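Asker: Below is the structure I would like to discuss, written out as structure tokens.
The values are calculated or read from the model by the stated rules, or taken from the named source; none is laboratory data. It should be emphasised that the depicted structure is a prediction, and the values quoted were computed from it without experimental measurement. Positions of Cβ are backbone-derived with ideal geometry, glycine not excepted, and every protein chain shown enters the neighbour counts. Ligands, DNA and RNA are stripped out before the accessible areas are found, and what is left, the full protein with its side chains, is counted by its heavy atoms. Shrake-Rupley method; radii C 1.70, N 1.55, O 1.52, S 1.80 Å.
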Amino acid sequence: MNTNQKAIEYLENNDYDAALALFQKALNDSRDVESLTNLAWIYYHEEGDIEAAIELAQEAVALKPTSHFPYSLLGELLVQMERWEEAAVVLSDSIAVEPSKEAYNNLAIAKYHLGELDQATALFLKSAGPSDYAMYSHVHCLIQLGHTIEAKHKLDAFLESDDDFVGEVHVAELYLELACFSEAVHWFEKSWDTYYKSPDWVCRYIYALVQTNAMERAVEIEAECIRLKQGDIEEAQAEDCDENWTESDKEAYVTRLQMEKKEYEHILEQIVSGFVPPFKFTTSLSSKCYLFGCSRHAHPEYKG
């Protein structure tokens, strides 16, 4: 059993310190593709040291590996750091070596943030399942490009029973972007008893209700959110402080809750006056194990 295999074994047995020491030893013994990539992965996922991970992954990629692991890992790290242009280059190289859903998704993210929507749209589709976040991102891009008929057709096909279903609120948000207000209300309503009620989507639910003339329900939603937020404020104010929850932490939290309550108190009036609550789209990084020799995922050791 070589050093890398021993390190993997310790990692599987949750003996992290011993595993880290062996991954570092493997690198000291030989700065090859495997040792560089594996230690980069450990620094990223276990140490949270992204800069150190990037340096090691860049060194691995410079060796022109025949596996996509170093490229995919480096691309993921660069997306994490919002270094979009660098990420796009590395992830394109990863796909050239071996296409993967993760690389397609992360390249789509880079292209989206670079404003290259046509490419982002196609790449999100290559990484997407029937109703997952990548498909949600693909449909969002279609809407931005003005392909509303295609977007509506694909959104209508979303199913709650699908694996990795993106969630009712996300589906509702896209229907709202398509000005399909009845469908948006339907999906927002399905999420009402299960989602944490935050102003970013609740205000858009109220907006959809106003657009369908469901004013009574809109008033109910607004009143319920004000009541719930007041309860949160009172609960937070009564909470005892300690070294992990200081008076400063408590004050900042209560201030945020009060601002959210104030937002609810005025939202219906603002919407009736013409305000449209904004849609907040965020991209979602795709990650997987890139450890050479990982027994859990049946990864072979690197053979260049």
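Asker: For region 93-179, taking Cα atoms only, what is the radius of gyration to one decimal and the Dmax to the nearest whole Å?
Answerer: So, for region 93-179, Rg and Dmax equal 12.8, 42 Å respectively.
Asker: Could I ask something else about it? Tell me, what is the per residue accessible area of the chain in Å², probe radius 1.4 Å?
Answerer: Per residue, the chain has 50 Å² of solvent-accessible surface.
Asker: How are the C-alpha pair distances of the chain spread across 20 Å bins, as whole percents from the shortest bin up?
Answerer: Values per bin, smallest distances first: 28, 44, 27, 1.
Asker: Quick one: give the max-minus-min coordinate of the C-alpha atoms of region 47-193 along each principal axis, largest first, in Å.
Answerer: Result for region 47-193: principal-axis Cα extents of 55, 32, 23 Å.
Asker: Pick from GLU76, GLU263, GLU243: which residue has the top mean-square fluctuation in a GNM of the chain where Cα pairs under 10 Å get a spring?
Answerer: Highest fluctuation among the options: GLU243.
Asker: Can you give the alpha-carbon Rg of region 15-114 over 2.2 N^0.38 Å, where N counts its residues?
Answerer: 1.05
Asker: Using a Gaussian network model of the chain with C-alpha springs under 10 Å, which one of ALA96, ALA134, ALA151 is most mobile by mean-square fluctuation?
Answerer: Sorting by GNM fluctuation, first place goes to ALA96.
Asker: Quick one: compute a quarter of the convex hull surface over the Cα atoms of region 161-212 and quote it in nm².
Answerer: If I average the Cα hull's projected area over directions, I get 3.6 nm².
Asker: Between the helical axis of 3-12 and the dominant principal axis of the chain, each derived from Cα atoms, what acute angle in degrees is found, rounded to the nearest 10?
Answerer: That helix lies at roughly 30 degrees to the long axis.
Asker: Counting only protein heavy atoms, what percent of the accessible surface of the chain is carbon or sulfur at a 1.4 Å probe?
Answerer: The C+S portion of the solvent-accessible surface of the chain is 48 percent.
Asker: Can I ask one more? Give me the angle, in degrees from 0 to 90, between the Cα long axis of helix 69-80 and the longest principal axis of the Cα atoms of the chain, rounded to the nearest 10.
Answerer: Between helix and principal axis, roughly 40 degrees.
Asker: Next up: Normalised by the residues of region 173-304, what does the relative contact order come to in percent, with Cα pairs under 8 Å and at least six apart?
Answerer: The value is 25 percent.
Asker: Taking only Cα atoms, what is the 0 to 90° angle, nearest 10, from helix 117-127's long axis to the longest principal axis of the chain?
Answerer: So the inclination is approximately 70 degrees.
Asker: Mind telling me which of SER287, SER198, SER92 comes out most flexible in a GNM of the chain, alpha-carbon contacts under 10 Å?
Answerer: Of SER287, SER198, SER92, the most mobile in the Gaussian network model is SER198.
Asker: For the pairs LYS111/LYS197; LYS101/LYS288; LYS111/LYS190; LYS111/LYS303, note any where the Cα-Cα span goes beyond 22 Å.
Answerer: Beyond 22 Å between Cα atoms: LYS111/LYS197; LYS111/LYS190; LYS111/LYS303.
Asker: What figure, in Å² to the nearest 10, do you get for the accessible area of ILE267 with a 1.4 Å probe and non-protein molecules left out?
Answerer: For ILE267, solvent-accessible area is about 0 Å².
Asker: May I pose another question? Cβ under 15 Å from TYR302's Cβ, TYR302 left aside: what net charge do those residues give with Lys, Arg +1 and Asp, Glu -1?
Answerer: Surrounding charge for TYR302 is -3.
Asker: Quick check on region 219-287: take the gyration tensor over C-alpha atoms, sort the square-rooted eigenvalues as a ≥ b ≥ c, and tell me if it's rounded (a/c under 1.5), prolate or oblate.
Answerer: oblate
Asker: Moving on to the next point. Please give the calculated 222 nm ellipticity per residue for the chain, where each DSSP H segment of at least 4 residues contributes -39500 (n - 2.57) and the sum is spread over every residue; nearest 500 deg cm²/dmol?
Answerer: -21000 deg cm²/dmol
Asker: Could I ask something else about it? Quick one: net charge of GLN270's neighbours, Cβ under 12 Å, K/R +1, D/E -1?
Answerer: Neighbourhood net charge equals -3.
Asker: While we're looking at this one, here's another question. Which value in Å is the Kirkwood Rh of region 173-275 over different Cα pairs?
Answerer: 14.8
Asker: Counting only other residues whose beta carbon sits under 11 Å from that of TYR175, what net charge do I get with K and R as +1, D and E as -1?
Answerer: For residues surrounding TYR175, the net value is -3.
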